[in-house]
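Report on the structure given below.
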Amino acid sequence: MATKSMQDIYQSFALDPAVEEIRIVKVQPGFGDDIFCELENLVLPQHATGAKRGTSKPVKANYIALSYMWDYMTPSLLHLNPWSRTNQEKEIYCNGASLTVKPNLYAALRQLRHETEPKNLWTDAICINQEDDDEKTSQVKLMRKIYALAGKTVVWLGQETYVSAQGFKAIRFLADIKRSSYLAGSTNQEQAPHQSLNLLQSFINSNRYPWHVRALTLLLRNPYFTRVWIVQEIGLSQNLEFRGGKECVSLSDFALATTVAAYNAVGSKNSLNLTNILAVRFLVRGGPREGLEDPSWLHAKATGEKLTLVRDILSIVCLFRRSQSKMEVDKIFGLLGLCREMNNAQTFGVEEDYGLSVQEAYTRTAISILEGRQDLDLFAALRLQSHNENIINLPSWVPDWSNTEHPAIPLHAGSGSHTMAKYSEFEYRVDNTPGNLHTHILYLSGHLIDRITEVGHGCNTEKAQASAWFCFKNIFNFAGSHLLETFVNWWTQFGGNVPVSQEFLATITCGRDSRYNTDSITELMRRFQQRGFHDLPIVLKLVWTFIPIRASELYFKPTLERLHIITLQCLAIPATLFLVSYVCFAICPRLVMFKLSQQEDDFYDNGLAHMEGRSMARTKNGKLALVPDGARIGDLIAICKGGRVPLVLRNAASRGRYQIVGEGYVHGVMDVKEGYDEDQCMKLALV
C-alpha cells in the first residue's frame, strides 16, 4: 500500500536548474491492471540545432516520448462526432506512491509496457510536477528538445476500436497505393524524388477509393489532432509512430495516406490542422526535404502560399489558431519551442511563464509582436467579441487566442493590393493603468477616411453547413454551398442583377480580380441560382420520383391502411436523405455539392477564400469593402502608418477612443494615394 505522496517523490528527484535535466519514468514489466513505475533523472544530451539540413545526424536519448490527449476519447458510431468523452481516472504506483492519471494515459502505459523488460518513457503528466508552476515553466522550455532527442515518439490515438482499426487499415492501403505511384518508372529509391509531380497528381482524385478515404476521415476526427501541443511534438520528433491500441503505422505511411485529405480538402478542420503540422516539419532545421522516409514535404506543397508566410510566432499561432488547449496560455507557450527550431523564425522575446495570467500573457505577447514586427499585421487575428463573449476581458487590440471561431485569411497574405500607408514609418505607444490590464491603451498614428453605411450577412461555411436548416434545404437539390450562396446574396444586395462588375470582383478577391473573368463568374452565379431537380444524380432523381408514383396508387386503391403505409414511406425518404446529409456535413463541413469546372474550382478555392469570417459592406463614400463579420453600420474606416490594409474601428464609451473590429479591404484606396494623407495623421487611441 502506498505510504508516500507524489510531492515527496518529486522532491526526491528534484531537477537541477543549472543543467537541462528532466525526469523519465521507467515502466516496470508486468501483466494485468496494476502498473508500477519509477522516476529517474536524466540530463539531456547536446543537440546540434545549428546543423544544416541533412549534414549531421542528431543524437538520440534512450527514452520514448509519448504524445497523447489527456482526456480519454473513445470512438462511437452512435454520435455524429464519433468520439465521446469519459473522465473515470485510474491509479498507478510510482516509486511506491499512488498517482492518479487520466484513463487515456493509463491505457497507453498498459499497452506500451513490455512483458519482460522495463521501458523508459517520457510523459508530461508524470515526469513534470503539475503543481509546481516554476518547474512547469522550465520544463516547457525544454519540451522541444525532449521530443527532438527522443529515441522514438509514440502518437497515442486511444484504445483500439472498430473505427480506429478501419482507419489504420485505410492508412496502410492508401500509403501502399501512393508509394507505388511515387516509385513508378524509377529504377531505384534515389531516383524516386524526381517522380514527385506524378505522385502529387495521383492524389487529386479521392473518388477512386471512397471507403478508405472516409475511414481515414473518421480517424482524423480524433480530437487528438486538435491539441496545440502536438504541433511541436509531431513537428520536432525525429522518429514517429502512430498507435491506436495494438494497431501501429509509421510516419511515412501516415503522411502519405493523409495527403489524400490534404489535396482533396476532405474531412474536418482536424485534417487541415494535421496537414499544417506535417508541413511545418519541412521548415524545422534538419527537416525532411524529399523522399519517402518522411514525406512531410508533400504536405508543405499542399499548404502552398500559406506556408511561405510562417516565419515568426505570430504567423505560427495564426496557422494553428483552431488548435485546442486545456490552459489558454498554452495557445502561445505550446508553439514557442517549435518557433525556436525553425529556420530564421522570431519569437520577439516572448517567453513561457506560467506565473502570468491569461490577460497578462496575451497582452505582453501582443506588445512584443508589435514591437518586433513594426507593422499592424497582428490585427489580422482579431475578432471583436460582445461583452458576454469576452470572458478573458482583453483590450480590443489584443487577439484572444483562446477563441477558435470565425477563422479568416489575413488580408495582407499573398500579392493583393495594399495601402500607401505601409510605406510610412510605423508609430505606436502603449499606456496602461497599473493593475488593470483592460485599460491598456494603444496609440497609433493614422486618420479616419470613411464610415460604413451598409453591411451584408457574414460568411462562416463550417458553421452554416453543419446546421440542420442548411441540411434541410440541401436535400431538395443536393447542390448546396454556403460560400456560393453568400457570394450570390452579396451581389444581389450590393451589385444588382447585372453582370458581375470589376469593382465587386476586386473587393471579393482583395485585388486579385485580374486572374478571373467576369463573364465566366456571372455564368457560375446564374447556374447556381437556377440549380434544382435537374442537377441531382440519376439515383436521387429516381428516389424522389418514387414519392409521386407511390402516392398515385391511392387514386386507384384508396384504403386507410394503404394511406398509412404510403404516408410513412413518403416521409421516410426525405427523413433518410436529411439524416445522410446531416452526417455528411458533420463529418465534412466544407463539403461542396455543386459541380464546378476546373476554372470555377480555382475561383472557389482561391478567389473566394477571403470571404470566410467576413462581410461585404458599403461606405458613406460609396465604396465597396470587405470587413470583419462583427462590423456594423456606423463603424469607421481608418488608415494607420505602417498598415498594409485599412482598419475598421468603432467608437468606444470613452469619447475620443476606439475599439478595433479588425482589418478590412476597401476598393479604391488600395495602392493609390486616394484617402491617405500622411500630413493629416493624428493619434488614434485604441482601448
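Restricted to the range 428-445, and to residues there that are modelled with pLDDT under 90 and buried (at least 18 other Cβ atoms within 10 Å of the Cβ), the residue that is farthest from Asp635 (Cα to Cα) is Leu437.
Within the range 586-598, can one find any residue that is part of a helix (DSSP H, G or I), of a type in the set (S, T, N, Q) and in contact (Cβ under 8 Å) with a residue 40 or more places away in the chain? Don't jump to the end; show me each part of the working.
As a first pass, look at the range 586-598 and keep what is part of a helix (DSSP H, G or I): 586-587, 598.
Restricting the remaining residues to those that are of a type in the set (S, T, N, Q) gives 598.
Subset that is in contact (Cβ under 8 Å) with a residue 40 or more places away in the chain: none.
Looking for residues that are part of a helix (DSSP H, G or I), of a type in the set (S, T, N, Q) and in contact (Cβ under 8 Å) with a residue 40 or more places away in the chain, one finds none in the range 586-598, hence no.
Within the range 547-562, being open to solvent by less than 70 Å² (accessible area, probe 1.4 Å) and either modelled with pLDDT of 80 or more or hydrophobic (A, V, I, L, M, F, W, C) (or both) holds for Ile547, Ala551, Leu554. Just one of the listed residues (Val488, Val455, Val500) is aliphatic (A, V, I, L, M) and free of Cβ contacts under 8 Å to residues at least 40 places away in the same chain, namely Val500. Only one of the numbered conditions (1) closer than 22 Å to Gly151 by Cβ; (2) at pLDDT 85 or above; (3) open to solvent by less than 10 Å² (accessible area, probe 1.4 Å) is violated by Asn239, and that is (3). Of all the listed residues (Gly349, Gly286, Gly304), the sole one being open to solvent by 20 Å² or more (accessible area, probe 1.4 Å), modelled with pLDDT of 90 or more and on the phi > 0 side of the Ramachandran plot is Gly349.
So that you can scan it fast, the table gives a plain yes or no per residue for (1) over 16 Å from Asp330 (Cβ atoms); (2) among the acidic types (Asp, Glu); (3) in a helix (DSSP H, G or I); (4) open to solvent by 10 Å² or more (accessible area, probe 1.4 Å):
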position	(1), (2), (3), (4)
Ser138	no, no, yes, yes
Lys141	no, no, yes, yes
Gly151	yes, no, no, yes
Glu160	yes, yes, no, yes
Ser164	yes, no, yes, no
Phe168	yes, no, yes, no
Ile171	yes, no, yes, no
Ser180	yes, no, yes, yes
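Listed by first and then second residue, the pairs linking a residue in the range 424-438 that is more than 17 Å from Val398 (Cβ to Cβ) to a residue that is open to solvent by 70 Å² or more (accessible area, probe 1.4 Å) and at pLDDT 60 or above, with Cβ atoms under 7 Å apart and 6 or more places separating them unless they lie on different chains, are Ser424/Glu678; Phe426/Gln374. Can you tell me which residue within the range 670-682, out of those that are over 36 Å from the mean Cα position of the chain (by Cα) and at pLDDT 75 or above, is nearest to Val430 (Cα to Cα)? Residue satisfying both the conditions and the ranking: Met682. Of all residues in the range 100-111, none satisfies being modelled with pLDDT of 90 or more, assigned to a loop (DSSP other than H, G, I, E, B), open to solvent by 90 Å² or more (accessible area, probe 1.4 Å) and not hydroxyl-bearing (Ser, Thr, Tyr). Report whether or not Asn388 is under 22 Å from Gly458 (Cα atoms), surrounded by fewer than 16 Cβ atoms within 10 Å (Cβ to Cβ) and at pLDDT below 90. Yes: the conditions hold for Asn388. Identification of helices (runs of 4 or more DSSP H) wholly contained in the range 460-539 with 2 or more residues that are at pLDDT 85 or above, out of contact with any helix residue (DSSP H, G or I) (no Cβ under 8 Å at 6 or more places or on another chain) and closer than 22 Å to Leu626 by Cβ yields 482-494, 502-509.
Conditions (1) acidic (Asp, Glu); (2) modelled with pLDDT under 90; (3) open to solvent by 60 Å² or more (accessible area, probe 1.4 Å); (4) part of a strand (DSSP E or B), marked per residue:
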| site | (1), (2), (3), (4) |
| --- | --- |
| Ile64 | no, no, no, yes |
| Leu78 | no, yes, yes, no |
| Asn81 | no, yes, yes, no |
| Glu135 | yes, no, no, no |
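With Gly496, Gly511, Gly480 as the choices, which residue is over 18 Å from Gly607 (Cα atoms), surrounded by 15 or more Cβ atoms within 10 Å (Cβ to Cβ) and either touching a Pro at 6+ places or on another chain (Cβ under 9 Å) or not polar (S, T, N, Q) (or both)?
Gly480
The values are calculated or read from the model by the stated rules, or taken from the named source; none is laboratory data. Note that the structure is predicted; figures quoted are calculated from it, not measured. Reconstructed Cβ throughout: ideal geometry from the backbone, glycine too, with neighbour counts over all protein chains shown. Ligands, DNA and RNA are excluded from the accessible area calculation, which covers all protein heavy atoms including side chains. Shrake-Rupley method; radii C 1.70, N 1.55, O 1.52, S 1.80 Å.
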